[in-house]
Amino acid sequence: MAREDYLDDIHLRVQRVTDDLRAIQRELNCAAMEAASDPELLEVLTQLPEMESLQVLKSAIDQMRHFLWFYMQIMTNESELTDRLRQAIRQRTCEDAVTSPDAALLRDFEAIGNTALLRFLTDGKGRKPN
């Protein structure tokens, strides 16, 4: 896939997710307003399956928010570390052979991210992702 196509796909996905999140927010807002005057609806909305799905969504959004903060820092910060990370990403070195300190640094960051993600996935649904 060409780089432009890949970036276009990412852009479209971000737009779809953003639109979906806004729609979910509107629907939950309407449900909350209706539930204030309807005790039966309030009871249904606060049952375990509904609350559990909202907790999973909240956790995923929190995780994405933390990741996006980090990503924006890396992409917009003009520090030496940022330059080294960008160079290491561009080099796309083989995982088996470390040919430069930049590649080793990139692999260390990838390992940290993978470890954090695995820990989050294995620790259960109730744990915050940070």
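The values are calculated or read from the model by the stated rules, or taken from the named source; none is laboratory data. Bear in mind that the values here come from a model prediction, so they are computed numbers and not experimental data. Cβ sites come from the backbone with ideal geometry, for glycine too, and all protein chains shown count toward neighbours.
Taken over segment 25-55, the criterion of being outside any helix (DSSP H, G or I) and surrounded by 12 or more Cβ atoms within 10 Å (Cβ to Cβ) is satisfied by Asp38 alone. Take the conditions under 16 Å from the mean Cα position of the chain (by Cα), at pLDDT below 90 and surrounded by 10 or more Cβ atoms within 10 Å (Cβ to Cβ) and apply them to Ile74. Does it pass? The answer is yes for Ile74.
Only one of Arg13, Arg22 is exposed (fewer than 11 other Cβ atoms within 10 Å of the Cβ), under 21 Å from Gly113 (Cβ atoms) and at pLDDT 85 or above. Can you tell me which? Exactly one of Arg13, Arg22 is exposed (fewer than 11 other Cβ atoms within 10 Å of the Cβ), under 21 Å from Gly113 (Cβ atoms) and at pLDDT 85 or above, namely Arg13. Within segment 62-78, being part of a helix (DSSP H, G or I), of a type outside the set (D, E, K, R) and within 18 Å of Gly113 (Cβ to Cβ) holds for Gln63, Met64, His66, Phe67, Leu68, Trp69, Phe70, Tyr71, Met72, Gln73, Ile74, Met75.
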